[in-house]
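Scroll down for the structure; my scribbles are underneath it.
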Amino acid sequence: MEPKFTPILLGSDINVYGMARSFNEAYGITVQAWAATQLAATRYSSIVNVEVHPGFAEDPGFMKVMNQKIAEYKDHKEPVILIACGDGYAELLAKHKKELEGTFIVPYINYDLLEKLISKEGFYQIAEEYGLPYPGTKIITMDDYKNNTFMKIPFDYPVELKPEDPVSWLNCQFEGRKKAFTIHDEAELIDIVTKIYTHGYVEDLILQDFIPGDDSNMRVLNAYVDKDHKVKMMCMGHPLLEDPTPQSIGNYMAILPEYNQKLYDTVQAFLEKLNYTGMANFDIKYDERDGEYKFFEINLRQGRSSFYVTLNGYNLAKWYVEDYVEDSLKDKPTVYGNKDKSKYMLWLGVPVKIFKKYAFDNPAKKEAEKLISEGRYGTTVFYKKDRNFKRWLLMHYMFHNYIDRYKKYYEVNKGQYFKK
């Protein structure tokens, strides 16, 4: 039986593939995607068709294409759901929500709230207002740099430094540039801030208290909030390994399922007070100094590693369909994921041997290795129903590349900080 809805994914990366696979697993369909470029994760796939429109990732190119799509889909019989698979696309959908929702289902918050939440400064202000714990934070501005006052900081080294505006950060290039920096002394802080502000970046910088501990102190939490602003699903993960590549630091490469009702309750209260709508993805780190989980940011869509949610039985696609097509969520209780350890599945974004070699040794790693030995693990991109030879070859090439990346970058960007 043909599904009575049409999903459209925006993007062409691994996030798109994870959503396409979720729809395929749940409903047996091939999904359409619209994107500015074709990326490797969706190339040669039989479960997602990527339609490339140069300039689609920003205005005015986005609305030029979308106006054509409005005309094309205005008489479409089934509901058409637009699902963003990147920050930029989520922002564009929220910005143009009123123009689009006459033709499409646009399950995103209003633009004014989105603007506050996508800004790290804005997120921390809202976190402060609603009692969500976050790391000690100082804002560095261009004026602070010009006045040579940015070195006065309210916490001890090491510290974390990251750009407030990730979009303009893409245009700032210099040797040693990273997605985020761990800085160990004042001389290093002066050096990095000077390079940033003399290579085209003009927005604020976020300086934060470094929460001690390796990658396995991180947590990730996905939530789905229905059209009535009620949280209907939460699924928590325990990252055990991150990408050490400078431009990809912070991307999770191994996630073990985890259950924490206290954290679920905290996130549910926060999202419902905000009148949030749609998928949310939180990056969190456990601070052993005070026993609290500190929130770094909220992503206003599922993340590149969020297929761990589908892998553990909470299919990412079904929430949109049950909410907007079947209208069946409103009477259902909230699902608090991962209560049953016997059903745990480890998600991997790297080869098993990379995980075993580089993940920090602790009880969680031993639990993950046990799941591997039992065959209870999976990836986003290797899908038995999408195995043509070209795709199989490309995905193995992608995974193989991580061997050299970890050899080159792990020690300098990760390993040296976690030795005891």
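The values are calculated or read from the model by the stated rules, or taken from the named source; none is laboratory data. This structure is a prediction, so every number in the text was calculated from the model and none was measured. Neighbour counts are summed over all protein chains in view; Cβ atoms, including those assigned to glycine, are modelled from backbone coordinates with ideal geometry. These accessible areas exclude ligands, DNA and RNA; they are computed on the full protein's heavy atoms, side chains included. Shrake-Rupley method; radii C 1.70, N 1.55, O 1.52, S 1.80 Å.
Things worth noting here:
- Apolar share of the accessible surface for the stretch 27-137: 47 percent from carbon plus sulfur atoms, 1.4 Å probe.
- Counting only heavy atoms of the protein chains and using a 1.4 Å probe, Met66 has close to 0 Å² of accessible surface.
- Neighbourhood charge, 11 Å Cβ-Cβ cut-off, centred on Trp392 and excluding it, Lys, Arg +1 and Asp, Glu -1: +3
- In the context of the full set of protein chains, residues of the chain present 45 Å² of accessible surface per residue (probe radius 1.4 Å, heavy atoms only).
- GNM result for the chain, Cα springs below 10 Å: residue of Lys74, Lys339, Lys232 fluctuating most strongly: Lys74
- Of all DSSP beta bridges confined to the chain, the antiparallel ones make up roughly 70%.
- Our Cα-only numbers for the stretch 48-199 put the radius of gyration and Dmax at 20.2, 63 Å.
- Amide H contacts under 5 Å for Ile81, placed H, 5+ residues apart: Thr6, Ile8, Ile105
- q = 0.16, 0.17, 0.20, 0.21 Å⁻¹, the stretch 231-316: log10 I(q)/I(0) [Debye, one scatterer per Cα]: -0.69, -0.78, -1.08, -1.19
- Contour excess over end-to-end distance, with Cα ends at Glu72 and Arg376 and 0.36 nm allotted per residue: 105.1 nm
- Net charge, Glu258 excluded, C-beta distance under 11 Å - Lys, Arg +1, Asp, Glu -1: +2
- Unit Cα scatterers, Debye sum, the chain: log10 I(q)/I(0) for q = 0.06, 0.10, 0.11, 0.14 Å⁻¹: -0.24, -0.70, -0.86, -1.46
- ³J(HN,Hα) computed for each position of the stretch 41-46 - Karplus, 6.51 cos²θ - 1.76 cosθ + 1.60, integer Hz, glycine/proline x: 4, 10, 6, 6, 7, 9
- Distant-in-sequence amide H partners of Glu292 (H built 1.01 Å from N, under 5 Å): Asp287
- Amide H contacts of Tyr377 (H built 1.01 Å from N, in plane; Pro and chain starts excluded): Leu346 sit under 5 Å, all sequence-distant by 5 or more or on other chains.
- For the chain, the relative contact order comes to 17 percent (Cα pairs under 8 Å, sequence separation of at least 6).
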